[in-house]
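Report on the following structure.
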Amino acid sequence: MATDAYVMRHGETEANVGEILLGRGDSPFTKDGARHPVAVARHLKSRPLACIYSSPQERARRTASLVQESLKQPVPLQVESALSEIDAGEFTGLSFAEVRQRLPRDAVLGRYRYPGGESWNEVQRRAVDFLKGLASCHSDEAVLLVTHAGVIAGLVAEYRGEPIETHIRTRYGHDFLGRLVVESGGIVHYEKIAGTVDTWY
C-alpha cells in the first residue's frame, strides 16, 4: 500500500521578503502570508487527509492551523521536528548576501555545516527518514507536510536520486503544493500540483 504525502511551504514572512536566512528563528507573516495557506488548502478539499504534520517553527505551525481551519474537516495536527528548517547556527539572521560572503569559496552546500548549526545533508536525511516512516502508520492514506523550501528540496532530490546541492537553490513558493508517494520503502513519485517553483539568487 502506498502513502500520499502532500507537501507545502509555510506562508510568506517579512524575513522572506527581506531575503534573510531565518533558520530556526521566526518572523511575522506579510499581508500575503495568511492568504497563501488558504489558497493552497483549496486544492486539498477533495483529498481526505489522515493527518497534518507541521515543522515546529511558528510560521509553519500557523500555516498548518490556517489550512486545518480552511479544510473544515476533523484533521489532526501534529508538530514534527524532522520537518524543521535548517539550523543555520551563527548564520541565523544574516542576509543572503552576507551568507554568500561568509561561505568558503570551495563550500559544497550539501556537505557544508553552518557554524554551530547543521548541513543540508543532515536536513535531508531527517526529512527523508520521517517521510519513509509514514508508510508504516499511514498505509493507503494521505497526509500533509507543512515545512520549508530547503526541506522540500531535499525530498525532491531524494526522489530524483540527485545530491541535495543540485536542488538547494530551487525555490518552492509560498503558494506551492506538491505530492510525493511513498511505497515499498522509497519515494516512487513526485508531482507539482500548484504554485511557483523557481530559483534562488
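Nothing in this text is a laboratory measurement; each read-out follows from the coordinates by a stated rule. Fair warning: this is a prediction, and the values are worked out from it, not measured in the lab. With ideal geometry, Cβ positions are generated from the backbone for all residues, glycine too; neighbour counts draw on all protein chains shown.
Points to keep in mind about this one:
- The length gained by stretching the chain between residue 1 and residue 46 to full extension, at 0.36 nm per residue less their Cα-Cα distance, is 14.1 nm.
- Taking other residues whose beta carbon is less than 14 angstrom from the beta carbon of residue 177, and scoring Lys, Arg as +1 and Asp, Glu as -1, yields +3.
- Near residue 57: Cβ cut-off under 10 Å, other residues only, Lys/Arg at +1 and Asp/Glu at -1. The net charge is +1.
- Beta bridge orientation in the chain: antiparallel %, DSSP, nearest 5: 60
- Fluctuation leader among 57, 68, 101 - the chain, Gaussian network, Cα springs under 10 angstrom: 101
- Taking region 93-115 and a reference point 7 angstrom along Cα→Cβ of residue 125, the backbone N atoms nearer than 18 Å belong to 108-115.
- Tail weight of P(r) past 24 Å, computed on alpha-carbon pairs of the chain, percent: 35
- Kyte-Doolittle mean at least -0.5 and Cα axial length at least 24 Å: DSSP H helices in the chain: 120-137
- Among 119, 136, 84: highest mean-square fluctuation, GNM of the chain, C-alpha pairs under 10 Å: 136
- The H on the amide N of residue 175, modeled in the peptide plane, is under 5 Å from the matching H of 196, each at least 5 residues off or on a different chain.
- Charge tally in the Cβ shell below 12 Å around residue 35, where Lys, Arg are +1 and Asp, Glu are -1, residue 35 excluded: -1
- Relative to the Cα centre, the charge distribution of region 3-199, modelled as +1 at Lys and Arg Cβ and -1 at Asp and Glu Cβ, gives a dipole magnitude of about 280 debye.
- Estimated inter-spin distance, residue 35 and residue 179, nm [label 7 Å along Cα→Cβ]: 2.7
- Per-residue Cβ neighbour rank within 10 angstrom, fewest leading, 108, 128: 108, 128
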